[in-house]
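The values are calculated or read from the model by the stated rules, or taken from the named source; none is laboratory data. Computed from a predicted structure; not experimentally measured. As a convention, Cβ positions derive from the backbone with ideal geometry for all residues, glycine included, and neighbour counts pool all protein chains shown. These area figures cover heavy atoms from the full protein model, side chains too; ligands, DNA and RNA do not enter into them. Shrake-Rupley method; radii C 1.70, N 1.55, O 1.52, S 1.80 Å.
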Amino acid sequence: MQDLKDKVAVITGSASGVGKQLALRLSRAGAKVVLSDIEANALEAAVAEVKAAGGTAIGQVADVSKREQVDALRDRALAEYGKVHLVFNNAGVGGGGGPTIWDTPEKAYRWAMDVNFFGPLNGVLSFMPTLIAQGEEALIAATSSGAGIVFPPSGAAYSASKAALIALMEVLSYQLQFSGTQVRAAILFPGPHVVDTNLFSSHRNLQKEYDDPAIASGAGINNVDEFQAAMKMLIGHEVPLTKPEDFAEEVYQSILRDDFYILPLTDKTKDAIRKRYDDMIERRQPAIPDMM
């Protein structure tokens, strides 16, 4: 997709972080953006920011784990603009929980899967018939994580949900190629370093059905500063961070190139991916990755 002027982009999880910066970047390219988030006040402020920058934008509150709310988001976009050309299923949560799989409450896994996997699936189920029926060039994307490719030794709920999402989007890409439609798929891996977003405090929006002290506490890390302090204690130094606006630019350029894997990498992450697949081929116990 080379020209985004007057294209309509729907972005979930866009009240802050990568989602908001992507809305700003796409609006600068001429797209009309529909921002969506579970946080009403932050969403209203993000829409105002896009408009103040000269963009065309509306907002729709939605919990992506609820199919009917994603359907309502689609209907709002169509009612306002008539068509949708880009869908970014970007909303996500950290998952939380204990230091081990068995110390992590079941609700943490259900929360991570319902938002990080079923949220994008709801986006596909809701928007795909419209995108195909339009008969025009379109893109449907979802935000995964490097932790869904090379798994850190903690955060199993998060990694499992993001790995499942990779499988979903790769199969979707195959099916779209077979179908001959002009709709394409893509999957985002924010980076190349940990992105400075509110993901660490995603438990602030914990829905009541997942309420559990082990999740609500944020597993002891509630923001990027606390993450950096934990890294300094664990490995002796802070780690590089990526700004959301830098990754948003990467996404924009990847749209122009028709990339599927929007995956900025460092030499360390390249090596970690290679080692993971070498372990699989050689049937070894997986080595703990050195990602930092």
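Here are the numbers for the structure shown:
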{"read-out": "Relative contact order (%) - criterion: Cα under 8 Å, at least six apart; region: the chain", "value": "18"}
{"read-out": "Percent accessible area from carbon and sulfur atoms, the chain, protein chains only, probe 1.4 Å", "value": "53"}
{"read-out": "Calculated FRET efficiency for the pair LEU125/LEU234, C-beta based, R₀ 45 Å, to 0.05", "value": "0.70"}
{"read-out": "Counting all C-alpha pairs of segment 206-292, share separated by more than 21 Å (%)", "value": "60"}
{"read-out": "1.4 Å probe accessible area per residue over the chain, in Å²", "value": "48"}
{"read-out": "Förster radius 22 Å - calculated FRET efficiency between TYR277 and ILE101 (Cβ-Cβ, nearest 0.05)", "value": "0.45"}
{"read-out": "Mean ellipticity per residue at 222 nm, deg cm²/dmol - from DSSP H runs of n ≥ 4 across the chain, formula -39500 (n - 2.57)", "value": "-14500 deg cm²/dmol"}
{"read-out": "Alpha carbon convex hull of the chain, projected area averaged over orientations, nm²", "value": "15.0"}
{"read-out": "Trypsin sites (Lys or Arg not before Pro) restricted to segment 1-108 and DSSP loop, no more than 11 other C-beta within 10 Å", "value": "LYS5"}
{"read-out": "Formal net charge of residues neighbouring ARG25 (Cβ-Cβ distance under 11 Å; K, R +1; D, E -1)", "value": "-2"}
{"read-out": "Label point 7 Å beyond Cα of ALA133 along Cβ direction - residues of segment 57-87 with amide nitrogen under 16 Å", "value": "71-85"}
{"read-out": "Geometric extent, Cα atoms of segment 1-152 - Rg, Dmax (angstrom)", "value": "15.9, 50"}
{"read-out": "Additional length obtainable on full extension of the chain from ALA214 to ASP75, 0.36 nm per residue less Cα span", "value": "46.4 nm"}
{"read-out": "Inter-label distance for GLU226 and MET1, nm, one decimal - labels placed 7 Å from Cα along Cα-to-Cβ", "value": "3.6"}
